[in-house]
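Right, one structure below, let's go through it.
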Amino acid sequence: MTRLRRNHTKHKSSGMALRFIVFAIVTVFLMWYLYGEFKNFDFSEITQAENPATDSRFFLPTSNGEVIHHTYYSLSYIERHEQAEWVAYELTRDNLKVPNVKRTGRFNPDYDVTSSSAFHRDYSNSGYTRGHLAPAGDMAHNLTAMEESFLMSNISPQKRKFNNGIWKELEEQVRDWAFSRENIYIITGPILRDPGLRGIGQNGVTAPQRFYKIILDVNGRNPEAIGFIIPNDVSDQPLKDYVVTIDNIEELTGLDFFNELLNDSEEEKMESEINVKPWKFSEKRYRLRLDKWNHQ
């Protein structure tokens with residue numbers, strides 16, 4: 001019996017060794033195969049799905065500077081003016097339905113800008129506030145979006161009563177439109193081709209005299225858009241008084257805004273007309289600006 005047990009144990013060990021060798025060979029083969037698949041896999045598709053700013057819809061305007069894609073907005077940075085000539089992003093109803101994250105209080109340089117962006121100190125004691133192009137209120141749906149809205153590449157010199165007044169009213173009005181229309185595309189920036197512009201701070205950040213904002217809705221059968229040019233100063237006029245054609249904004253900025261999103265006939269019709277009827281404005285918010293915001 002003892003000898004039988006000894007022989008049985010030896011036979012069992014040989015079988016286990018054989019199975020182990022087969023298992024090792026199969027494992028090595030699978031690892032080699034998976035490595036080849038991993039090496040050849042195109043991860044750009046995943047990046048595009050997770051990063052809305054890489055979607056082709058964000059390549060709206062032409063550019064005279066360096067195009068930077070952040071997670072929730074894209075911009076074209078002009079080194080000579082130390083700010084963006086445009087910032088483009090999508091704002092959705094879902095963005096606005098989630099609770100707002102805490103507002104970030106720290107402005108940071110944008111190290112994605114090859115030539116380096118302006119710095120926080122460039123605005124100190126200049127008489128101008130650090131005005132957001134993509135507003136923090138539009139980027140309050142998560143922490144990454146909020147933090148990126150405080151990058152200095154997203155900031156432009158704005159007079160306080162403009163920033164806290166009519167510009168604030170327009171930003172809040174745009175959020176109303178995004179909620180009611182489900183999603184809209186927004187392009188905004190300074191007009192940097194006006195004569196006589198001066199610089200502020202050590203880096204000579206150009207202080208614009210006017211800003212523009214364009215809102216585009218492509219959800220319906222016919223695309224709808226509205227554009228504004230507003231002086232960088234306090235205003236008692238209604239927002240409607242500052243509505244202009246997109247052609248007008250293109251002429252003043254030297255940019256082409258919808259060349260990759262719309263076909264030629266849609267683009268020509270929409271950019272040459274002014275139609276404020278589809279866009280509802282808040283009279284209550286306008287009165288609030290006149291009575292309170294303009295005096296802060």
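The values are calculated or read from the model by the stated rules, or taken from the named source; none is laboratory data. Note that this is a predicted model, so its numbers are computed, not measured. Here Cβ is always computed from backbone atoms with ideal geometry, including for glycine, and neighbour counts include all displayed protein chains.
Side notes on the structure shown:
- Verdict on Gly199 being modelled with pLDDT of 95 or more and within 15 Å of the chain's Cα centre (by Cα): no
- 3 or more residues under 26 Å from the mean Cα position of the chain (by Cα): qualifying helices (runs of 4 or more DSSP H) within region 220-296: 246-253, 264-272
- Some residue of region 167-175 being part of a loop (DSSP other than H, G, I, E, B) and in the same structural domain as Glu66 (by TED's automatic domain parsing): no
- Any chance Lys213 is out of contact with any Cys (no Cβ under 9 Å at 6 or more places or on another chain), of a type outside the set (Gly, Ala, Ser) and assigned to a strand (DSSP E or B): yes
- Flag for Ile229 being aliphatic (A, V, I, L, M) and farther than 16 Å from Pro135 by Cα: yes
- Region 231-280, subset small (Gly, Ala, Ser) and under 23 Å from Ser156 (Cβ atoms), residue surrounded by the most Cβ atoms within 10 Å (Cβ to Cβ): Ser235
- Residue match in region 281-293 (condition: among the aromatic types (Phe, Trp, Tyr) and surrounded by fewer than 18 Cβ atoms within 10 Å (Cβ to Cβ)): yes
- The C-beta contact set for region 193-219 (first residue farther than 21 Å from Arg121 by Cα and in contact (Cβ under 8 Å) with a residue 12 or more places away in the chain, second residue part of a strand (DSSP E or B) and of a type in the set (S, T, N, Q), distance under 6 angstrom, 6+ apart or interchain) comprises Lys213/Thr188.
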